[in-house]
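Quick notes on the structure that follows.
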Amino acid sequence: MDLTSSAYPNSASTGAELLSDNSSNAAEVIACPGCDQLHSITTAPAGTKANCSRCHSFLYRQVPNSISRCLALYIAAAALLLMANLCSFITLEAGGTTVDSVMLTGAFSLFERDLGLLGLVVIATSVAFPAIVIVGMLWLLWPASLGKRPWFMGPVFRLVQALIPWSMIGVFMLGTLLAAVKLQGLAAVAPGLAVVAVMVLMVVMAAAKVNFEPQALWSVSGVEPLTAADIQPGEILVSCHSCDLLHKDIDTHSHSGCRRCGAALHRRKTNSLQRTWALMAAASVLLLPANIYPIMTASKLGKGEPDTILSGVQGLIASGYWGLALIVLFASLVVPIMKLIMLAYLMVSVRRQSSWRPRDRTKIYHLTELVGAWSMIDIYLVALLTGLVQLGVLANVTAHVGAVFFCGVVVLTMLAAHSFDPRLIWDNTDHDNGANSADRALAIT
Ligand SMILES: [Zn+2]
Ligand SMILES: [Zn+2]
């Protein structure tokens with residue numbers, strides 16, 4: 001069930017309005033991460049989620065027993081990740097030769113071929129970051145389930161928050177599927193127990209993400225959030241960009257950071273537009289060599305041509321794998337280019353102080369954040385095949401420098417999307433949804 005927060009009494013109000021209503025005075029107030037509209041957190045039916053009534057960004061979810069559910073899921077995830085790395089991943093057999101591999105064989109083989117940077121990105125996003133997220137969440141959830149405040153709660157929470165977008169188990173799984181299809185003509189493929197573990201891990205991680213309710217975790221922090229009663233009409237407030245705790249503006253001058261998680265406080269992401277433009281410019285420059293240089297050569301009995309991203313797609317079509325060809329084309333070409341165009345449009349609209357359809361522009365932004373990681377699929381494919389297909393003259397796969405350029409494009413466009421601040425879209429739309437500059441408690445810089 002999907003509810004907008006306006007379905008709750010007084011939950012989509014400005015600070016001034018909240019004060020005039022005594023019934024919501026004890027409720028915690030948060031600012032929407034998408035547009036800075038103030039909302040008071042209200043109890044809603046279990047399983048529902050609240051979206052901002054102004055920009056429709058996700059606000060919070062009502063999950064009964066969120067802490068114990070997530071604890072169980074992350075314990076399962078830890079066991080699965082261990083299994084995925086220790087068990088046999090894929091076994092290849094051709095001409096009497098058998099090659100056995102584990103999950104990271106491909107990434108390590110990239111180091112031997114002087115593509116260590118690529119290997120490092122693969123290891124980080126497929127194993128290291130998911131491992132840190134899982135251990136970090138267990139670190140937070142275990143004491144919280146006993147009603148105790150975890151040690152280093154703020155720094156651990158911020159680390160986990162920062163790494164979640166870079167943990168790409170699902171994309172890795174799709175890359176594995178693609179690799180299995182590509183291998184069909186080269187050798188006999190037998191998936192091992194680790195493939196099953198990665199598949200289940202993908203589902204468990206998704207379930208853990210959906211069941212996590214940060215408010216439940218913060219209830220053991222001992223830090224009291226601001227309620228409607230604490231806020232004066234027209235007062236300037238600042239929301240922590242990491243844990244969403246609302247602060248009175250005066251706190252930002254103390255340089256002590258967020259009083260709950262310790263993150264630096266700022267009204268808008270620092271130099272958001274300049275950073276995003278710089279990252280996008282770098283990504284656009286790399287886009288050309290990423291598509292001109294080959295990303296890998298797959299050879300059978302000594303024969304094989306180097307493949308660029310586009311010729312790889314053509315190869316899939318020629319073999320009759322239309323569906324996979326479309327996925328690769330979409331993930332590797334359409335997504336990065338569309339992302340750059342959409343971000344450029346958003347930034348031009350912010351610079352021109354456009355007030356045109358801010359809610360749709362916020363949706364476009366969330367879309368660019370959501371799809372970015374899926375472009376990594378070709379990188380995982382190259383890494384997996386390079387590690388797996390080492391059968392001498394029978395069959396061989398070599399990675400090329402095009403893959404490094406492409407990996408750079410994916411990482412830079414993801415960083416660009418993260419550095420853009422969607423609140424900038426709303427800074428010139430005060431008249432929207434009845435929230436005008438007089439009664440909006442969040443001031444704009
Ligand atoms: Zn909003
Ligand atoms: Zn914080």
**OP:** Calculate, for L117 and N65, the FRET efficiency according to 1/(1 + (r/R0)^6) with r their C-beta to C-beta distance and R0 45 Å; round to the nearest 0.05.
**Re:** 0.55
**OP:** State log₁₀ I(q)/I(0) for the range 78-149 at q = 0.12 Å⁻¹ as given by the Debye formula over alpha-carbon point scatterers of equal weight, solvent excluded.
**Re:** -0.48
Subject >> Euclidean distance between Cα centres, the range 96-121 to the range 37-94, Å >> reply: 31
Subject >> Dipole of the chain [Lys/Arg +1, Asp/Glu -1 at C-beta], most positive-end residue of P45, V195, N65 >> reply: V195
Original post:
At q = 0.23, 0.24 Å⁻¹, what log₁₀ I(q)/I(0) does a Debye calculation on the Cα points of the range 325-396 give, no solvent, two decimals?
Top reply: -0.98, -1.02
Subject >> For the chain, size of Cβ-based charge dipole, Lys and Arg +1, Asp and Glu -1, in debye >> reply: 220
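Please compute the length gained on full extension between I164 and L146, using 0.36 nm multiplied by the number of residues separating them and subtracting their Cα-Cα distance.
Here the answer is 4.0 nm.
Taking 0.36 nm per residue of sequence separation and subtracting the Cα-Cα distance, how much length would be gained by fully extending the chain between T297 and A281, in nm to one decimal?
Details: separation 16, 0.36 × 16 = 5.76 nm, distance 2.92 nm.
Full extension of this stretch gives 2.8 nm more.
So, in the chain, how many Lys pairs have Cα atoms under 20 Å apart, if the pair is 8 or more places apart or on different chains?
On the way: K49/K209; K49/K363; K182/K300; K182/K303; K248/K269; K269/K339; K269/K363; K339/K363.
Eligible lysine pairs with Cα atoms under 20 Å apart amount to 8.
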Original post:
If each of E369 and V210 carries a label point 7 Å out from its Cα toward its Cβ, how far apart are those two points in nm?
Top reply: 2.0
Subject >> Whole-angstrom Cα spans of the range 26-172 along principal axes, big to small >> reply: 71, 35, 29
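Starting from the coordinates of the alpha-carbon atoms of the chain, obtain the Kirkwood hydrodynamic radius over all distinct pairs and give the value in Å to one decimal.
Working: mean 1/r = 0.0421 Å⁻¹.
With all distinct Cα pairs of the chain included, I get 23.8 Å.
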**OP:** Could you tell me what fraction of 2.2 N^0.38 Å the Cα radius of gyration of the range 105-256 comes to, as a two-decimal ratio?
**Re:** 1.43
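Rule-based calculations on the coordinates, nothing more; no lab input. Computed from a prediction, not measured in an experiment: that's the story for all the values here. Here Cβ is always computed from backbone atoms with ideal geometry, including for glycine, and neighbour counts include all displayed protein chains.
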